[in-house]
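So the structure is just underneath, and the comments pick up after that.
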Amino acid sequence: MTTTRIQVPLLDLKAQYASLREEIRPVIDEIFESQWFIGGPHVTGLEEDLAAYVGGASAVGCSSGTDALILALMALGVEAGDEVVTTPYTFFATIGSIARLGAVPRFVDIDPETYNIDLSGVEKAVNERTKVNLPVHLFGQCVEMEALTSLADAAGIPVVEDAAQAIGARDAGGGKAGSLGRVGCFSFFPSKNLGGAGDGGMVTTVDEDLGHRMAVLRNHGMEPKYYHSLLGGNFRLDAIQAAVLRVKLAHLDEWHEKRRGNASDYRRLFEEAGLLDRVSLPKERAGVYHIYNQFVIRVSSESRDDLVEHLHEMDIGCEVYYPVPCHLQKCFAGWGYGAGDFPESEKAALETLALPIYPELNDEQKAAVVDGIAEFFS
Ligand SMILES: Cc1ncc(COP(=O)(O)O)c(C=O)c1O
């Protein structure tokens, strides 16, 4: 008897497109007919839709999540010599954006259960050079924002949320990621829960003056045309991206629910397979709405890389986010950090592994992922 192996990609954007083709093609045609590629009604429409979705006073579309971070930090006046409080266990862009402005991160280690900033280290990290507090809602779960913002408010420091992986995630108090600090930064990289047809990003803010400043900085600090009172850049969002994102936004909550359903199914399957002594599953803080941009498990550091290889051999997608914490990246060697400086981040980098969690994942595929892991440990 021949058995067909079930393939499980880490993400299946072709399956998503198949369900949206009839909605996406007409808006792309419309843009080509209009030849209005930069800015325009789709960009302003998306900004209005997203300000309403996230719950901010204004939203400003931009060219990527990285540029959203740069815009937010620039608008708050971050410059050479300033410090920004954040964690080293994040995608490089969080730290790269700080460094590109000549500022330096003041790292706080992560909480090993949520992978988010460990609040017990935040107060100590703040000093007279601190300009911004930059928590990252990693993998789609909010940082404890009530506690974090009260610490930041007491120190008079604005909070910029790196919500690149967390659009639609809610904190325990019910507020959405990106509406809980001064500025929220989002990415529409195709693998995000709301992903474009290329790069794109957005900043949201409750502060209309700051929103206006970011809108001006996005377009070379130009206001009015050809008059520049601020030094900005080209951080604009293309009309095609905005149009695709508007189509997808209407489906986003349903996709979050499917991802959450997949997470519950995995929890049941791992338990039924008797794997809970080998595999730690993601911890959800009480009362939060986790959107599972990633479903990240933990295994021992001795087995992690072999497990990755085993799953890849079985055509099961998985990925390590992130194998090197930012304080140990080569390009930041000049900051002088070494192994052991942020032990929880370093441990997570050796033990974690993201599994497929996309909305279209079916029961057979989820079972294949867990069977593949069970086979590895048998
Ligand atoms: C936590 C985090 N911050 C920032 C970014 C940067 O976003 P982009 O890739 O759109 O520039 C990402 C995207 O991968 C991210 O995951």
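Amide H contacts of R106: V84, V85, T86, each under 5 Å away and 5 or more positions distant or on a separate chain (H built 1.01 Å from N in the peptide plane; Pro and chain starts excluded). In a simple Cβ point-charge model (Lys, Arg +1; Asp, Glu -1; nothing else charged), segment 134-256 has a dipole of about 440 debye relative to its Cα centre. The trypsin sites (Lys or Arg not before Pro) of segment 1-84 meeting both criteria, a DSSP state outside H, G, I, E and B (loop) and at most 11 other C-beta atoms within 10 angstrom of the site's C-beta, are R5. Protein heavy-atom surface of the chain, 1.4 angstrom probe: 50% of the accessible area is carbon and sulfur, with nucleic acids and ligands not counted. Dividing the convex hull volume of the alpha-carbon atoms in segment 260-378 by its residue count gives 134 Å³ per residue.
The amide H of F295, built 1.01 Å from its N in the peptide plane, has L355 as neighbours under 5 Å, considering only residues 5 or more places off or on other chains. Considering only A215, S191, F235, and ranking their Cα positions along the charge dipole of segment 188-235 that arises from unit charges at the beta-carbon of Lys, Arg, Asp and Glu, the one farthest toward the positive end is S191.
Assign unit charges at the C-beta atoms only (+1 for Lys and Arg, -1 for Asp and Glu), then state the dipole size of segment 298-362 relative to its Cα centre in Debye, rounded to the nearest 20.
Charge dipole of segment 298-362: 320 debye, to the nearest 20.
Residues of segment 335-374 falling in the label zone of A147, defined by backbone nitrogen less than 11 Å from a point 7 Å along Cα to beta-carbon, are absent. Accessible-area rank, largest first, for S229, S64: S229, S64, with all protein chains present and a 1.4 angstrom probe. Given +1 at the Cβ of Lys and Arg, -1 at the Cβ of Asp and Glu and no other charges, the dipole of the chain around its Cα centre is 600 debye to the nearest 20. GNM on the chain, alpha-carbon springs under 10 angstrom: the most fluctuating residue among S34, S58, S187 is S34. A Gaussian network model of the chain, with springs between Cα atoms under 10 Å, assigns the largest mean-square fluctuation among L148, L307, L237 to L307. For segment 119-227, applying the loop criterion from DSSP together with a ceiling of 14 other beta carbons within 10 Å to the chymotrypsin sites (Phe, Trp or Tyr not before Pro) yields Y226, Y227. An ellipsoid equivalent to segment 206-265, defined through the eigenvalues of its Cα gyration tensor, has semi-axes of 36, 14, 9 Å when rounded to whole angstrom and sorted largest first.
Accessible surface for segment 239-302, divided over its residues, is 42 Å² per residue with a 1.4 Å probe. Computed extension gain for D49 through D207, at 0.36 nm per residue and net of the alpha carbon distance, reaches 55.2 nm. Residues of segment 259-294 with amide nitrogen under 16 Å from the 7 Å Cα-to-Cβ point of E113? Within reach of a label on E113: 280-290. Diffusion coefficient (Stokes-Einstein, Kirkwood radius over C-alpha pairs, 37 °C, 0.692 mPa s) for the chain: 153 µm²/s, rounded to a whole number. These residues, H220, H251, H228, H256, go from largest to smallest accessible area, 1.4 Å probe, as H228, H220, H251, H256. The alpha-carbon of K366 sits under 17 angstrom from the alpha-carbons of these lysines, leaving out residues fewer than 8 places away in its chain: K258.
The solvent-accessible area of K347, taken with every protein chain present and a 1.4 Å probe, is close to 100 Å².
The values are calculated or read from the model by the stated rules, or taken from the named source; none is laboratory data. Note that this is a predicted model, so its numbers are computed, not measured. Backbone-built Cβ (ideal geometry, glycine too); neighbour counts: all protein chains shown. SASA here: full protein model, heavy atoms, side chains in, ligands and nucleic acids out. Shrake-Rupley method; radii C 1.70, N 1.55, O 1.52, S 1.80 Å.
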